[in-house]
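Down below is the structure, laid out as structure tokens.
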Amino acid sequence: MDIHHLITKLREKGHKITPQRLAICELVLSSKDHPTADQIYKKLKQKFPTISLATVYQTLHLLKDLGLLLELGFPDCSARFDPNISPHIHIICLKCGKIEDYETENLKEQWAKIVKDIGVEPIIQRLDLYIYCDKCKKNQ
Ligand code: ZN
Ligand code: MN
């Protein structure tokens, strides 16, 4: 979704568009590395010294509620954010936490078929694969 469409959507829902909020949206919606809220906060802190972690969380949860962002929660209570909301596999390193996407049309078709066969309407869809990445394997 482009940023103008997003602004329209936020305004429709009665949300104020502040430069901070806009910067958070732009950063997370263009990110490919599944950042944490804290990483987003630290990246924007230089440009917006008054930004708070609470504002970052609020904005991320707003995007999530609008269906534009996935929040990936983990058993250690950490959370990562992903603007790619179509079904794809996450290849997650158990050691360093790096998350890579694996995405194919074939997977999407198969997954849609499985969901249809089960006969449910998914609210959240997640496919996680846990590994030790090459870098972590080398350092072991
Ligand atoms: Zn790793
Ligand atoms: Mn992803």
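Here the Gaussian network model covers the chain, with springs between Cα atoms less than 10 Å apart; of Ile114, Ile92, Ile51, Ile114 fluctuates the most. Here Lys42 is the anchor, and the aspartates and glutamates within straight C-alpha reach of less than 20 Å, apart from those fewer than 8 places off in the same chain, are Glu26, Asp33, Glu71, Asp82. Please list, or write none, the lysines whose alpha carbon is within less than 19 Å of the alpha carbon of Lys116, excluding same-chain residues fewer than 8 places away. Leaving aside lysines fewer than 8 places away in the same chain, those within reach of Lys116 are Lys108. Rounded, prolate or oblate: which one fits the chain, using the alpha carbon gyration tensor with axes a ≥ b ≥ c (rounded when a/c is under 1.5, else prolate when a/b beats b/c, else oblate)? Taking the square roots of the gyration eigenvalues as a ≥ b ≥ c, the chain is oblate.
In the chain, helical runs assigned H by DSSP with n ≥ 4 each contribute -39500 (n - 2.57); averaged across all residues and rounded to the nearest 500, the mean residue ellipticity at 222 nm is -13000 deg cm²/dmol.
Can you bin the stretch 86-138 into rounded, prolate or oblate? Criterion: square roots of the alpha carbon gyration tensor eigenvalues sorted a ≥ b ≥ c, rounded for a/c under 1.5, prolate for a/b above b/c, oblate for the rest.
In terms of gyration-tensor shape, prolate.
Relative contact order of the chain: what whole-number percent is it, with Cα pairs under 8 angstrom and at least 6 residues apart?
Here the relative contact order equals 19 percent.
Rolling a 1.4 Å probe over the protein heavy atoms leaves His4 with an accessible area of roughly 130 Å². Can you grab the distance from the C-alpha centre of the stretch 43-91 to the C-alpha centre of the stretch 1-18, Å, no decimals? The distance from the Cα centre of the stretch 43-91 to that of the stretch 1-18 comes to 17 Å.
Need one word for the stretch 3-81: rounded, prolate or oblate. Basis is the Cα gyration tensor (sqrt eigenvalues a ≥ b ≥ c); a/c below 1.5 gives rounded, then a/b vs b/c decides. Note, shape of the stretch 3-81 comes out oblate. Placing +1 on each Lys and Arg Cβ and -1 on each Asp and Glu Cβ, with no other charges, gives the stretch 86-138 a dipole about its Cα centre of roughly 380 debye.
The values are calculated or read from the model by the stated rules, or taken from the named source; none is laboratory data. Keep in mind it's a predicted model, so treat the numbers as computed, not measured. Ideal geometry is used to build each Cβ from the backbone, glycine not excepted, and the neighbour counts take in all protein chains shown. Just the protein is used for accessible areas: all its heavy atoms, side chains included, with ligands, DNA and RNA removed. Shrake-Rupley method; radii C 1.70, N 1.55, O 1.52, S 1.80 Å.
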